[in-house]
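The values are calculated or read from the model by the stated rules, or taken from the named source; none is laboratory data. Every value quoted in this text rests on a predicted model; they were computed, and no experiment measured them. As a convention, Cβ positions derive from the backbone with ideal geometry for all residues, glycine included, and neighbour counts pool all protein chains shown. Areas reflect the complete protein model, heavy atoms only, side chains present, ligands, DNA and RNA absent. Shrake-Rupley method; radii C 1.70, N 1.55, O 1.52, S 1.80 Å.
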Amino acid sequence: EKYDEALVFLKQQRAIHRSRLHRRSPVAYRNDFFRMIYAGAGELGWDRLQVYQFAVEKLGLKKPVASLKELGPLQLKSLAESVRRQVAHLRATK
């Protein structure tokens, strides 16, 4: 019955500890952003190509990406936040 509260708590804890993760394991840090991006994309009903198009638009990239692995950590962080905002907007309009 307190599932939503627990989920919010866990997300907060993940965000709090993300900076430590960046120093200790850069690969895990990047994977955390991949997880966030693709989880949001799934909720939005996007496939990989739509995610790549969104990345090009939101990050102002000059050429298309074939994989999110081409992006740096700051770009991934920015993209994850943009996807999160899209999901929040979708939820608000439902």
Stretch gain in nm, segment His89-Ala15, where the contour uses 0.36 nm per residue and the Cα spacing is subtracted: 24.6 nm
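What whole-number value in Å² describes the accessible area per residue of the chain for a 1.4 Å probe?
On a per-residue basis, the chain sits at 74 Å².
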In nm, give the distance between the simple-model label positions of Lys2 and Val27, each being 7 Å from the Cα along the Cα-to-Cβ direction. 3.7
Quick one: if you stick a label point 7 Å off each Cα along the C-beta vector at Asp47 and Leu61, how many nm between them? 1.8
Which residue fluctuates the most in the chain, going by a Gaussian network model with Cα springs under 10 Å, if the choices are Arg24, Arg48, Arg35? Arg24
Using unit Cβ charges (K, R positive; D, E negative) and no other charged atoms, how large, in debye to the nearest 20, is the dipole of the chain about its Cα centre? 400
Roughly how many debye, to the nearest 20, is the charge dipole of segment 46-89 about its Cα centre, given +1 on each Lys and Arg Cβ, -1 on each Asp and Glu Cβ, and no other charges? 80
Can you find, among Gly45, Val83, Gly72, the residue farthest towards the positive end of the dipole of segment 18-94? Put +1 on the C-beta of Lys and Arg, -1 on that of Asp and Glu. Gly72
